[in-house]
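Just so it is clear, none of the values below were taken in a lab; they were calculated from the coordinates. In this text the structure is predicted, and so the values were computed from the model without any measurement. Quick reminder, even Gly has a Cβ in these numbers, built from the backbone with ideal geometry, and neighbours come from all protein chains shown.
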Amino acid sequence: MEHERALSSGPRVTLLGKQGAGKGTQAGRVAAHYGVPHISTGDMLRAAAAAGTSFGRRAAEYMDAGDLVPDNVVIGVVAERLAEDDACGGFVLDGFPRTRSQAEELQLLLAPNDLEAAIDIDVPIPVVMRRLSGRRVCGVCGAIYHVDHPPKHKWTCDADGGEIIQRQDDHESAILRRLNLYEQEIGPLIGHYAGLGILRIVSGTGTVEEVLSRIIECIDDARRLPAR
Ligand code: AP5
């Protein structure tokens, strides 16, 4: 019964992976596929920075340098978002958790349920460097493009006509700093999810559609297993 109830709502999953692995690109599509919200800590922090609040300005200092925003700040932002009604029936987390301590806090927040799958999108470093240096985003809605696949009108977003810009942290020194930090944090985080038996690894190379179908297959497969 418990298992049937869980399947009647949407999945509770997080997408992990290096900067540029395609978490944001895929999380929006996966969330739309299951009809659940896409919850991106990067997008929420950038929105706060753009709003110019004192919290947003502090977060921007960390983000622009390629550093992680302190755990207590990010956990507070995620806790508020997960408490909203639309997240009760499932969600796709993107960029959270980033550290083992964030993963442990998330487990407490979700108790007695936990994530059904933590999906690590695996992409080699030379590929992510190419993806990040060519990434462009909508300054209004955050839609993600690349110089190799720009919007129809090169400088405006297909969704809302917003200006297409380059992210402040997509310059070489911040990219390298973020990748180094990732290498330090990912081992304990992956170990945490492997220990819970919910870690899945999918290849993030190939077309966006190919990666999407691998992720959906993985989530459907994880949800067919009896609840732990
Ligand atoms: P965040 O926004 O989460 O950035 P990130 O982790 O650095 O990840 P990216 O957005 O760079 O990469 P992505 O994997 O989403 O790739 P994308 O889909 O865009 O975080 C930003 C900052 O916020 C952090 O540095 C930190 O300061 C702070 N922060 C956020 N969460 C935090 C947390 N939990 N704790 C502490 N601090 C936190 O794709 C990249 C490019 O590749 C795009 O151009 C895309 O079009 C292209 N692409 C994607 N897939 C493909 C494909 N299959 N083929 C070809 N091109 C592709």
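A Förster radius of 45 Å, combined with the Cβ-Cβ distance separating residue 72 from residue 146, puts the computed FRET efficiency at roughly 0.85. Under a model in which nothing but the beta-carbon of Lys, Arg (+1) and Asp, Glu (-1) is charged, the chain shows a dipole of about 400 debye around its Cα centre. If the chain linking residue 180 and residue 109 were pulled fully straight, counting 0.36 nm for each residue of separation and taking away their Cα-Cα distance, it would gain 22.7 nm. To the nearest ten degrees, helix 100-110 and the longest principal axis of the Cα atoms of the chain are 60 degrees apart.
What the Kirkwood sum gives for the chain is a hydrodynamic radius of 18.1 Å, with every pair of different alpha carbons counted. Of all DSSP bridge pairs formed entirely within the range 1-144, close to 10 percent run antiparallel.
Count charges around residue 221 for me, please; just the other residues with Cβ under 11 Å from its Cβ, Lys/Arg as +1, Asp/Glu as -1. Combined, the nearby Lys, Arg, Asp and Glu give +1. The protection proxy used here, the mean number of other Cβ atoms lying within 10 Å of each residue, ranks peptides 146-153, 71-78 as follows, highest first: 71-78, 146-153. Given R0 = 41 Å, the distance between the Cβ atoms of residue 221 and residue 159 translates into a calculated FRET efficiency of 0.85. Kindly express, to the nearest 10 degrees and within the range 0 to 90, the angle between helix 23-34's C-alpha long axis and the longest C-alpha principal axis of the chain. Helix 23-34 sits at roughly 50 degrees to that axis.
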